[in-house]
Amino acid sequence: SMPLHRVLVYGTLKSGHTNHTVLTESEGTARFLGLGETQLAFPLVVGTALNIPFLLHARGQGHPVEGEVYEVDDAKLARLDQLEKHPVFYERKMEKVTILHCSETIDAWVYAIPKWADDFLARSSPPLRVFRENGEGHGRPFLAGRTRESITPEEGRQIYIDVLGHMPEDMPNTHRVFVYGTLKKGQPNYAVMSETEGSYRARGAGRSVHAFPLVVGTQFNIPFVLAKRGEGEPILGEIYEVDDKKLAILDALEAHPILYERKIEQFVMEESGVTTEAWIYIIHKWKDDFLATCTDQLSSYSTDGTHGRPYLDRNVREQLMKDEETNLFHEIMGYDPRDESCEIGVRKRP
């Protein structure tokens, strides 16, 4: 049998908190053993503009920290290491932890920040015994009440700068992205994944946990997923792990957040059956008669599928849009959002 590891989680991984799904639904197994408390005191503070909980590795300062103890396998520990950016940001430390219901003391892993900027404590909440992400006890609700989707990569980088005072050299900032259309291997825009700046790694085929309408539309025959969760069928696609650079290139291709919006959804990996979170690009606004001009709903896309509407090459499309003033936004949404928001990255051609 595989070796098991004990981990004390004290922040957003606790049940009822934002990242708990990482324990319950992603790779590997996790079994709840009970509430636990570190034997030694540590400063557990809420810091940065996004109100994130941090346990600082300063033994003897602050309070004993209460959390939940889980027994996890190798795969789950690796997933937690990835989430916590161990050992570049958090470091996994072995500490003495008391299981509260039976007063038994065990050794358990705790993710702690080993070094931090001189003024970090002054800018954070007072040390807590227990963290609650709704702000109870410290008045700083997690992510300042924002959704995870709305946090930009720049704001993500700022977290490291606020805590450490600098951006770590070798920060493995990876994002999982689910692609269902022309970015899939063998499809017309795969080169945007495989031949542009930044890194990418294929994780395999996946299927959305929820059903969504996937259709081919506009005169350019573009595949779209519409933000109508529960309609249509679960969608088959591919999951990639990409870095910040590659994500920015995909965002530009999809005209995020003006045309498509990048959202977090749950997907099942076809091979292993595990559930994971990934980004997906979804259309949020379309005009009333848009669906009438599209194909029937699909569960899987290929440019040469039986829908009979092969994708029109992007360069051809851009040439057409230049020559004939056809406007993709008008065709989908009924208006051009770039008219209203000049400050957003996608510019209208003069």
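The values are calculated or read from the model by the stated rules, or taken from the named source; none is laboratory data. None of the values given here were measured: they were computed from a predicted structure. Glycine gets a Cβ as well: all are built from the backbone with ideal geometry, and neighbour counts include every protein chain shown. Areas reflect the complete protein model, heavy atoms only, side chains present, ligands, DNA and RNA absent. Shrake-Rupley method; radii C 1.70, N 1.55, O 1.52, S 1.80 Å.
Residues that are assigned to a loop (DSSP other than H, G, I, E, B), closer than 16 Å to residue 176 by Cβ and β-branched (Val, Ile, Thr) within the stretch 247-278 comprise just one, 274. Looking at the stretch 8-20, which of its residues are within 26 Å of residue 271 (Cβ to Cβ) and either in a strand (DSSP E or B) or open to solvent by less than 20 Å² (accessible area, probe 1.4 Å) (or both)? 13 - this is the single residue of the stretch 8-20 that is within 26 Å of residue 271 (Cβ to Cβ) and either in a strand (DSSP E or B) or open to solvent by less than 20 Å² (accessible area, probe 1.4 Å) (or both). Taken as a whole, the condition of being over 16 Å from the mean Cα position of the chain (by Cα) and either open to solvent by 40 Å² or more (accessible area, probe 1.4 Å) or hydroxyl-bearing (Ser, Thr, Tyr) (or both) does not apply to residue 276. Checked against the criterion of being among the hydrophobic types (A, V, I, L, M, F, W, C), assigned to a loop (DSSP other than H, G, I, E, B) and surrounded by 15 or more Cβ atoms within 10 Å (Cβ to Cβ), the candidates 50, 23, 33 yield just one match: 50.
Going through the stretch 165-188 one residue at a time, which ones are among the hydroxyl-bearing types (Ser, Thr, Tyr) and either touching a Lys or Arg at 6+ places or on another chain (Cβ under 9 Å) or open to solvent by 30 Å² or more (accessible area, probe 1.4 Å) (or both)? Before you say what the answer is, go through the steps one by one.
At the first step, the residues of the stretch 165-188 found to be among the hydroxyl-bearing types (Ser, Thr, Tyr) are 174, 180, 182.
If the condition is that a residue be among the hydroxyl-bearing types (Ser, Thr, Tyr) and either touching a Lys or Arg at 6+ places or on another chain (Cβ under 9 Å) or open to solvent by 30 Å² or more (accessible area, probe 1.4 Å) (or both), then 174, 182 are the ones that fit.
If I filter the stretch 279-292 for residues that are assigned to a helix (DSSP H, G or I), open to solvent by 40 Å² or more (accessible area, probe 1.4 Å) and either farther than 13 Å from residue 183 by Cβ or out of contact with any helix residue (DSSP H, G or I) (no Cβ under 9 Å at 6 or more places or on another chain) (or both), do I get at least one hit? Yes, that holds for at least one residue. Per the listing 40, 55, the residue uniquely part of a strand (DSSP E or B), in contact with a Pro (Cβ under 9 Å, 6 or more places away or on another chain), open to solvent by 10 Å² or more (accessible area, probe 1.4 Å) and of a type outside the set (S, T, N, Q) is 40.
Flag: residue 264 matches the condition of being in contact with a helix residue (DSSP H, G or I) (Cβ under 7 Å, 6 or more places away or on another chain) and open to solvent by 30 Å² or more (accessible area, probe 1.4 Å). The residues of the stretch 193-246 that are out of contact with any His (no Cβ under 6 Å at 6 or more places or on another chain), among the hydrophobic types (A, V, I, L, M, F, W, C), open to solvent by less than 10 Å² (accessible area, probe 1.4 Å) and assigned to a strand (DSSP E or B), listed by number, are 212, 214, 215, 224, 225, 226, 235, 239. Summed over the stretch 58-115, the residues that are surrounded by 15 or more Cβ atoms within 10 Å (Cβ to Cβ), of a type in the set (D, E, K, R) and assigned to a helix (DSSP H, G or I) give a count of 3.
With the requirement that a residue be at positive phi and β-branched (Val, Ile, Thr), what does the stretch 275-308 give you? Once the filter is applied, which keeps residues that are at positive phi and β-branched (Val, Ile, Thr), the stretch 275-308 yields nothing.
Per-residue answers, yes or no, for (1) open to solvent by 20 Å² or more (accessible area, probe 1.4 Å); (2) modelled with pLDDT of 95 or more:
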{"site": "129", "(1), (2)": "yes, yes"}
{"site": "146", "(1), (2)": "yes, no"}
{"site": "159", "(1), (2)": "yes, no"}
{"site": "163", "(1), (2)": "no, yes"}
